[in-house]
Structures are given as C-alpha cells and as structure tokens.
Amino acid sequence: MTTTAVAAPCKADKNGDRRGLGVVMVIDDSVESLAVMELLLTNAGYLVCPFPESSLALAAAHQSPPDLILLDIRMPGKSGYDVCCEIRTQGLLRDTPIIFLSALSGARDIAHGFACGAQDFITKPFREPEVLARVQTHIALHKAHTELADNYERLQQMEDLRDNLVHMMVHDMRSPLQTMVAQLEFIRADVQSMIPNEEGRAFDTRLNSRLNDIEAAANNISRMVSSVLDLSRLEARHLPVQAETVPVQDVVTRGGSDFVRCGVMERLQLSVPEGLADLWCDRELTGRVLANLIDNALKYSPLDTPVTVGATSVVGGLRLWVRDSGPGIPREDWDRVFDRFACARTSPVCVHGANASANDTPTLPLRTTQGTDHGLH
C-alpha cells in the first residue's frame, strides 16, 4: 500500500481572515508541538501553516511564501539547519525570516543556527509571550524591508524616467538653439550687404544691438540646458570629466567667449598675470562655470560698471575669480549660494579637485611639471 502525504492548506484565523496578522509556517516533526504552536499563533491572529515534514513545507512555501518560518532543528531526514541553508539559497524564500524553535540550547547550537541564516533562536520549553513578541517583531521588520525595497525600485524607475526625459529635452532643445544662433550670423551678413549706405549703417547698428540681445538670450538658454544635463549626469555619477593641461588664459577666454558679440564684451576685463602655472581641468566644464559666474555678474551689477575675470596665484595652487560692482550676497545667505534653485546662499562644492565657496573664490588644481595635482583651499 502506498501512502501519499499532501500539504495541508493554511487554516484561517477565528475571524475567517486568510492572511490575519501574517502567515507563519511551522515546521516540526512533533505533532504535539505543532498543535500547541498552531493554537497559540491562531488565537493571536496569525494564519498558521503547520508541517511535520520539511519537504512538504518547502513545496508549499514555493507556491505561497509565508511571512515567517518557525523551524525545529532535530527532525528525521534533513535537519532544521539543512532546511534553513536550503531556503537561503532560493530566491523566492531567501529573505523570509526564520526563527529556530528547538530544545537545543548550547552556545554552539545557537551560533550555528545564526550562521545558517536564521534571524532568531527560541529554546524549548518556550514562553508564549516571548514567542509572540519575536514573531511580531520579525514579521514587522520583514514587511518594512519589503516595502523599502519596493519603494527603492519604484524610485529608481522614476529616476530613470526623469533622466531619459532630461536627455530627450536637452537633445531636442540644442538643435533649434544652434539653428537660431547660426541664422543670426546670416541676418547680420544680409543686412550689411543690402543696406551699404550711411543710413543703412545706422540701421545696422540698431539692428545689430537687437541681434546681440537675441544671441545673448540664446547663449544663456544653451548654458542652462547644458547645466541641466550636467546636473542630471552628476547626480547619476555619469558626468564625464576630460581633464587635460590647460593654460589659464585659455580657461578665462573660454568663460567669456559667449559674451564676445552680445553687446557686453566692453564691460569684461581680464586680469591674468604672466607666468601662472597651467591648470589640470576639464576645459569645457571649467569654462562653463566661469561663464555662469560672468552672466550672473553682468545681470546684477550696474550697466556702466566693469566685470573683471582673473586668476591669482595662491599658496599651493591657483584661484580663478569673477569680480563685479553689484550689491553682493548677504553674509547670512552664503551657505546656500551653490544649493539647487537657491537665489542666494552656498554649501561648498568640489569638482575634480577644486572647491568653491561664497567667501573664498573658486579654486582649481595645478598641473605641475612632475604631473602632480594639488588641491587648492
């Protein structure tokens, strides 16, 4: 005669709830122990799945994972240790909390249980309040961990969606901006060729001023678009920094290049002494930083005052600076100047070995003849 053991379904709690406070699977070869534990947990509001054999329990757990497993150690066939180790290698049940419930109470027995991956160890004879407290705690921790993991995954998906949207917007905006700036050059050339007389030159001066304003606005939008893309890449740690040896004059010139034909170049003054060491930096990114500082200085300083861009040798390095005659930033706002979306106030920001702060001008590392980078302070 052949006897087939079938995994019994989990029993509902006394209110008929199929989940209760949580699903607890109890694996113990002792029928008496199973009955006691089932009664205790069911009365406490848990949905209990009792199994006298580990093979049946694992098969049922794969079909419907429990919230927690209470596991005996001394059982025929596979021991509780073996079952625990097996569960920890299976993806679906790998994170399910396991509490050993055993008459073994030696330090080595308990340590071996934790080494197999159990979350807790209760010795027999057990105290009912202790069992209920430990079961409640580990189910709550497991649910919190699962919820946190789910939220993290959703957050990652949202960040990926945001990054894709930013890249798409930046790509779509750059093309018309480049076209706009290119067309301004054609308009200038057409006007000069169509109206060559004195009256035309006067008109050309007025028109050129308007075109300069348009070009300045287009360049400003282009810088903002590039900054948005850089910020997205920086937060994702994907911002490529192509460092190279760059003469200080080139960096300063790159920072002011967008303003050459924008009607404000006469306000810009350069102060770069001869003999300064070269920088080790990303030419494009560093120039963009200066361009943003110059643009801000031009906006918030009187129209008849100069904006000076310069470089100064300091102890152990070099300092790039932008100076204007504007009202300045109140000292209480210094701590937020480099915060996103802040109109005033700064938290120090480090970029490829440099630092920036409100009371200390941005600094960059030097490229020495030995090829050593020196951070500036």
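The values are calculated or read from the model by the stated rules, or taken from the named source; none is laboratory data. Here the structure is a predicted model, which means the values were calculated and not measured. Heads up, the Cβs are rebuilt from the backbone with ideal geometry, glycines too, and the neighbour counts pull from every protein chain shown.
Annotations
- For ALA133, the criteria (1) at pLDDT below 90; (2) not assigned by TED's automatic domain parsing to the domain that holds VAL228 hold in every case but one, which is (1).
- Condition check for VAL135: over 38 Å from the mean Cα position of the chain (by Cα) and of a type outside the set (Lys, Arg): no
- Flag for ASP13 being modelled with pLDDT under 90, in contact with an Asp or Glu (Cβ under 7 Å, 6 or more places away or on another chain) and among the acidic types (Asp, Glu): no
For every residue, the table says whether it meets (1) within 17 Å of LEU21 (Cβ to Cβ); (2) in a loop (DSSP other than H, G, I, E, B).
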position: PRO50; (1), (2): yes, no
position: LEU101; (1), (2): no, no
position: ILE110; (1), (2): no, no
position: PHE121; (1), (2): no, no
position: PHE126; (1), (2): no, yes
position: VAL131; (1), (2): yes, no
position: ARG134; (1), (2): yes, no
position: HIS138; (1), (2): yes, no
position: HIS142; (1), (2): yes, no
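- Which numbered condition GLN269 fails, given (1) assigned to a helix (DSSP H, G or I); (2) out of contact with any Asp or Glu (no Cβ under 8 Å at 6 or more places or on another chain); (3) modelled with pLDDT of 75 or more; (4) not small (Gly, Ala, Ser): (1)
- Taking first residues from segment 74-89 that are among the aromatic types (Phe, Trp, Tyr) and partners that are part of a loop (DSSP other than H, G, I, E, B), the Cβ contacts under 6 Å between residues at least 6 apart in sequence or on separate chains come to TYR81/CYS116.
- Single residue of segment 184-196 satisfying the filter (surrounded by 12 or more Cβ atoms within 10 Å (Cβ to Cβ) and either outside the structural domain of ASP230 (by TED's automatic domain parsing) or without any contact (Cβ under 8 Å) to a residue 12 or more places away in the chain (or both)) that is nearest to ARG210 (Cα to Cα): GLU185
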